[in-house]
Amino acid sequence: MSKRKIARRWTAMVFMAVGITGLAGCAGSETEGKVEVELVSYKPEAVEAFEKIQDRFNETHQDIHLTIDSPNEAMTILKTRFIREDYPQIVGIGGDINYSNFLDADLFLDISDLEEVTSVKQSYQDMSKELEFVPREGVYCLPYAANAAGILYNKDLFEKQGWEVPETWNDFVSLCKEIEAEGMLPLYFGYKDTWTCLAPWNALAVGLSDSDTCNEVNLGNTTFSEEYREVADKMRELLSFGEPNPYAYSYNDACTAFARGESAMYPIGSYAIPQILSVNPDLNIGSFPFPANENEADNVLNSGIDLQFCVMKDCENKEAVYEVLRFLYEDETIQVYLDNQGGIACKEGDFDIPGELLDMKNYIEGDRMADFQDHHYPSEMSVDAMIQTFLLNESDNAADIFLAQFDSDWKRYNRDLIRKVQQYQKEREDGK
């Protein structure tokens, strides 16, 4: 993979102070002779799976009682609890900028002495390290389940028409033109909800830019104008194959349209599949990695850590907490979660891959994956809205304007982080 630096161990991103200066520890209470362990997850949609896992644990452990809570607005609740120093022992969060901020605030325990961390797929180990603002010794999360984003497609329609899944950008463009020639719509976007603009953007970016792009920008080694030019050009090229005025249609509209056969493909992540099937349960959905390059070997699957477990720093009853993590990482327990939520196991092993993701199997098993680049973007920068504005701009220099703004806004919202990263790099060089 000629443009890949996936194995690099860190990418410095966005420095955001969260107003937390101390950690009081997270001693588990003892109820009726049992150590109480609390896990707070940010995924309310997984309540059913977590209830089953919780019950299985408590049925098989006499000395530990596990409580798993998955409240609505979990991240807001967690931030409030952190400020009040009311810590659960374990948190289940995504591999994104929130994790970066919490880790930078020194909230999490180094769990490198937990044997299970060695069984995490290398791609997801790399992703978690790249989320560190500056490199840290140790391991601070246990990646659990991941999602994947590329292009969903109507498998029955493809079979009927004799269309093959494309493996290169030229093949993809040719396929879109062939679908148009048959009087059908190749793609549906639904860009009224600005966040949907990030779906094809991320899927293209992992194949066309390095996984440490944001870090290289912070170090002053490159610019987004240079790194994202091809991503921007191909995002605009996609527009000609989608619905007229995609900014008039929402995510729900797009899911419904694809479910009803109004387009042959939909550039979105696997997270949209339940929504689509709720409209048309009989739709035979497949998903393939975005063929962003002219050479298939350079393509990379856009996959990110959807759920990972972190232990609060200075946690007492560490052994009880570790026993919970060991149980969570048993193959059978992971499969319980995947059967309910779908997705990809972050652990090495022979886990079922959802039928809709079988076209991605070679990428998953071959560890050809890289994280969503927007996991490193500060929310204040509103990159999704920037992309939408760029796509709406029909002038000849729209890409120049967009990329210049990307560079200037990045410096504006990341000046403290940039200073921190460059200072770290200088200290390393001076120490040689």
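Some points to look at:
- For M184, distant residues with modelled amide H under 5 Å away: none
- Evaluated over the range 96-236, the count of Lys pairs having alpha-carbon atoms less than 22 Å apart is 5 (only pairs 8 or more residues apart or interchain).
- Alpha-carbon centroid distance for the pair the range 268-304 / the range 372-432, whole angstrom: 27 Å
- Over the range 209-319, equivalent-ellipsoid semi-axes from the Cα gyration tensor in Å: 32, 26, 14
- Nearest-20 debye value, the range 245-381 charge dipole, Cβ charges on Lys, Arg, Asp, Glu: 320 debye
- Cα→Cβ-extended label distance, 7 Å offset, between S250 and N397, nm: 3.8 nm
- Normalised Debye scattering of the chain at q = 0.06, 0.08, 0.09 Å⁻¹ gives log10 I(q)/I(0) of -0.26, -0.46, -0.58, counting only Cα atoms as equal scatterers and leaving out solvent.
- Extreme residue, positive dipole direction of the chain, given options Q341, F406, A199 (C-beta unit charges): F406
- Each Lys and Arg Cβ is given +1 and each Asp and Glu Cβ -1; about its Cα centre, the chain then shows a dipole of about 1060 debye.
- Grouping the Cα pair distances of the range 308-432 into 5 Å bins from zero gives a pair-distance distribution of 2, 8, 11, 10, 10, 11, 14, 15, 11, 5, 2, 1, 0 percent in increasing distance order.
- The modelled label-to-label distance for the pair L239/I83, using points 7 Å beyond Cα in the direction of Cβ, is 4.1 nm.
- The range 171-234: C-alpha gyration tensor shape, a/c 1.5 cut-off, then a/b vs b/c: prolate
- Amide H partners (placed H, <5 Å) of L283, local residues excluded: none
- Relative contact order (%) - criterion: Cα under 8 Å, at least six apart; region: the range 286-409: 32 percent
- Placing unit charges on each Cβ (+1 for Lys and Arg, -1 for Asp and Glu) gives the range 23-154 a dipole about its Cα centre, and among L131, L66, F82 the Cα reaching farthest toward its positive end belongs to L131.
- Simple point charges give the picture: +1 on the Cβ of Lys and Arg, -1 on the Cβ of Asp and Glu, and for the range 113-252 a dipole about the Cα centre of about 460 debye.
- Those lysines that a straight Cα-Cα span of less than 21 Å connects to K52, excepting residues fewer than 8 apart in one chain: K34, K43, K347
- Contact order normalised by residue count of the chain, Cα under 8 Å, 6+ apart, percent: 27 percent
- A dipole drawn for the range 252-365 from +1 and -1 charges on Cβ atoms has a positive end, and of Q275, L358, N299 the residue lying farthest that way is Q275.
- For the peptides 86-93, 318-325, residues were scored by their other Cβ atoms within 10 Å and the scores averaged per peptide; the highest-first order is 86-93, 318-325.
- Mean sequence separation of contacting Cα pairs (under 8 Å, at least six apart), scaled by the length of the range 145-267, corresponds to a relative contact order of 46 percent.
- Projected onto planes of every orientation and averaged, the convex hull of the alpha-carbon atoms in the range 322-382 covers 6.2 nm².
- The range 254-386 - Rg and Dmax from Cα coordinates, angstrom: 18.0, 56
- Simple label model, 7 Å out from Cα along Cβ direction - S382 to Q335, nm: 4.7 nm
- Long-range HN-HN contacts of L307 with modeled amide H, under 5 Å: G95, Y144, A145
None of the figures in this text is laboratory data; all of them are computed from the coordinates on show. Treat the numbers as computed from the prediction; the structure is a model and nothing was measured. Here Cβ is always computed from backbone atoms with ideal geometry, including for glycine, and neighbour counts include all displayed protein chains.
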